[in-house]
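The values are calculated or read from the model by the stated rules, or taken from the named source; none is laboratory data. The structure presented is a predicted model; accordingly, all values stated were derived computationally and were not measured. Every residue, glycine as well, gets a Cβ built from its backbone with ideal geometry; the counts of neighbours run over all protein chains shown.
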Amino acid sequence: MEIYDLIVIGGGSGGLATARRASSHGKRVALVEHDRLGGTCVNRGCVPKKLWHDTAAIVGALHEARHMGFAVQASPPSWASIRERIDRYIENLNGIYARNLENDRVTRVQGQARFIDPHTVVAGSHHLQAQHIVIATGARPKSPPIEGGHLALVSDDFFRLTELPSRCLIIGGGYIGMEFAGILSSFGSKVTLVETLDRVLAPFDHEISSHAHALYERLGIDVHVRTSVKRIEASHDGFSTSIQSGDGSVNQKSFDVVLSAVGRAPNVENLGLDSAGVQLDDRGFIRVNDEERTSAPHIYAVGDVTGRPALTPVAIKAGRRLADRLYTASTEKMRYDTIPTAVFTPVEIGVVGLTEAQAIDRFGSESVKVYRAEFKPMRKALMPDSPVRAFVKMVVAHREEKVVGLHLIGPEAAEIIQGFSVAITAGLTKKQFDDTLAIHPSLAEEAVTLR
């Protein structure tokens, strides 16, 4: 039997952060992982996605340069060669994570973890015990629950594509589906995206959703809301699909690739959670309280497996703060009310805080005010035919006009929102934004000049 102060199950962002922080407090820590280190984000999520997004942006810049009169003859490298570069980069990251664990004196155990009692975990030939255990096993993409749904690729498969599909159907208009649609379209694929709800990016502010939808249509992406895919069949030229519109009509369309982005399921199977006394919620995620504690008082869970916002920085901060609470005098908990996030669409989206609807639900309509601006960003000023429009929306609450939400669409919105998230997390007011001198000309200045 191997005895530790802490066992962490899962070597993704949340698990790595928890293990390393606990070790920094002088604790004996074991991390159990059956796959490559880094989890979804590094291996088949935000890191390779961002690299594809950045590469697609170069393709777009070359296209725009030609329209501006530059004698640009370059064509993008093959899809396969870009994928090879990205794969090499990720392999390097895997090695860095392994060395970090070794340098931080965290014991790495390769294997599938399973509880055999509330304090004992088995992984291969290893039997591990600890006073505290953290589950950080993440989540995986779901296939669409339709006839032939198994024929659809999921987000993991996107990063294994060996060539650019000429025609692609994307099922799901959340941020994953929207990002993949933007990347594929930028490289020249003809993309159709369908969403069963009445708008894409449904969890986002309604005006962000409508602006993103309109932009995609101007970019030539075929977007359909209130629409569902009923069937997928293999055909001689790819896949035949039956697509039902909101009016009930059904159309047959063929595609080279069907990609599903309909949500994610928690990785809880085969963990032996019943043996540990760990309960799941109605959606199948591990139920935790505001301290990341499960129904078993010495077992915790962080990251995507909890059903909390599936973002790498959320898992990292939740894990680090958990380790600090366990092994220091800290009482700080993870805040879930001012989470900044970005959507890496061809024109980026950056948001932090509450949507207008959320603010009204929380504070009442009489206490909420909105400021907004829409304009053509200067980066596109010399391209009269550019479809790009920037949008800035600020949501404030109460008489002091505390800024409770900021929503951007525009070039580099992800970088811009990170800075403003500090201000919103600190509880700044609209007047304090107004008192800040603008940098001109810039997109960011709109947030401090709104009227």
Scan region 63-78 and tell me whether some residue there is over 28 Å from residue 345 (Cβ atoms), in contact (Cβ under 8 Å) with a residue 40 or more places away in the chain and among the small types (Gly, Ala, Ser).
no
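Condition test on residue 343, is it modelled with pLDDT of 95 or more, touching a Phe, Trp or Tyr at 6+ places or on another chain (Cβ under 9 Å) and more than 15 Å from residue 215 (Cβ to Cβ)? Talk me through it step by step, then tell me what you get.
On the way: modelled with pLDDT of 95 or more: yes; touching a Phe, Trp or Tyr at 6+ places or on another chain (Cβ under 9 Å): yes; more than 15 Å from residue 215 (Cβ to Cβ): no.
For residue 343, the condition - modelled with pLDDT of 95 or more, touching a Phe, Trp or Tyr at 6+ places or on another chain (Cβ under 9 Å) and more than 15 Å from residue 215 (Cβ to Cβ) - is not met.
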Output the residues belonging to region 391-412 that are under 15 Å from residue 431 (Cα atoms) and out of contact with any strand residue (DSSP E or B) (no Cβ under 8 Å at 6 or more places or on another chain).
398, 399
Failed criterion for residue 127 (all others in (1) outside the structural domain of residue 84 (by TED's automatic domain parsing); (2) more than 26 Å from residue 315 (Cα to Cα); (3) out of contact with any Gly (no Cβ under 8 Å at 6 or more places or on another chain); (4) surrounded by fewer than 23 Cβ atoms within 10 Å (Cβ to Cβ) hold)
(1)
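Go through region 324-357 residue by residue and tally those that are of a type in the set (A, V, I, L, M), in contact (Cβ under 8 Å) with a residue 60 or more places away in the chain and touching a Leu at 6+ places or on another chain (Cβ under 8 Å). Spell out the reasoning first.
Within region 324-357, the first condition is being of a type in the set (A, V, I, L, M), and the residues that meet it are 326, 329, 334, 339, 342-343, 347, 349, 351-352, 354, 357.
Subsequent filtering for residues that are in contact (Cβ under 8 Å) with a residue 60 or more places away in the chain retains 326, 342-343, 347, 349, 351-352, 357.
Those left that are additionally touching a Leu at 6+ places or on another chain (Cβ under 8 Å): 326, 343, 347, 349, 351-352.
Number of matching residues: 6.
Are any of the residues in region 421-439 among the β-branched types (Val, Ile, Thr), under 21 Å from residue 202 (Cα atoms) and outside the structural domain of residue 181 (by TED's automatic domain parsing)? Working first, answer last.
Just the residues of region 421-439 that are among the β-branched types (Val, Ile, Thr), to begin with: 422, 424-425, 429, 436, 439.
Still in the list and also under 21 Å from residue 202 (Cα atoms): none.
Checking region 421-439: not a single residue is among the β-branched types (Val, Ile, Thr), under 21 Å from residue 202 (Cα atoms) and outside the structural domain of residue 181 (by TED's automatic domain parsing).
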Filter the strands (runs of 3 or more DSSP E) completely within region 173-258 down to those with at least 3 residues that are surrounded by fewer than 23 Cβ atoms within 10 Å (Cβ to Cβ) and of a type outside the set (Val, Ile, Thr).
228-235, 238-244, 250-255
Which of the strands (runs of 3 or more DSSP E) contained wholly in region 332-427 include at least 1 residues that are in contact with a His (Cβ under 8 Å, 6 or more places away or on another chain) and more than 29 Å from residue 67 (Cβ to Cβ)?
349-353, 390-397
Hey, residue 270 in a strand (DSSP E or B) and loosely packed, with under 14 Cβ neighbours inside 10 Å or not:
no
So how many residues does region 1-59 have that are under 14 Å from residue 136 (Cα atoms), among the charged types (D, E, K, R) and not in a loop (DSSP other than H, G, I, E, B)?
2
Among (1) in contact with a Gly (Cβ under 9 Å, 6 or more places away or on another chain); (2) in contact (Cβ under 8 Å) with a residue 60 or more places away in the chain; (3) surrounded by 21 or more Cβ atoms within 10 Å (Cβ to Cβ), there is one condition residue 38 misses while meeting the rest; what is its number?
(2)
Test for residue 273: is it within 27 Å of the chain's Cα centre (by Cα) and closer than 22 Å to residue 123 by Cβ
yes
For residue 345, only one of the following conditions fails: (1) within 30 Å of residue 218 (Cβ to Cβ); (2) of a type outside the set (A, V, I, L, M); (3) in contact with a Ser or Thr (Cβ under 6 Å, 6 or more places away or on another chain). What is its number?
(3)
Name the single residue, out of those in region 303-328 being out of contact with any helix residue (DSSP H, G or I) (no Cβ under 8 Å at 6 or more places or on another chain) and in a loop (DSSP other than H, G, I, E, B), that is surrounded by the most Cβ atoms within 10 Å (Cβ to Cβ).
307
Here the residues within region 143-162 that are part of a strand (DSSP E or B) and surrounded by fewer than 19 Cβ atoms within 10 Å (Cβ to Cβ) are 147
Just for region 60-76: of the residues that are assigned to a loop (DSSP other than H, G, I, E, B) and either surrounded by fewer than 17 Cβ atoms within 10 Å (Cβ to Cβ) or aliphatic (A, V, I, L, M) (or both), which one is modelled with the lowest pLDDT?
74
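Applying the selection to region 281-291, what residues are buried (at least 18 other Cβ atoms within 10 Å of the Cβ) and under 24 Å from residue 351 (Cβ atoms)?
Selection gives 285 alone.
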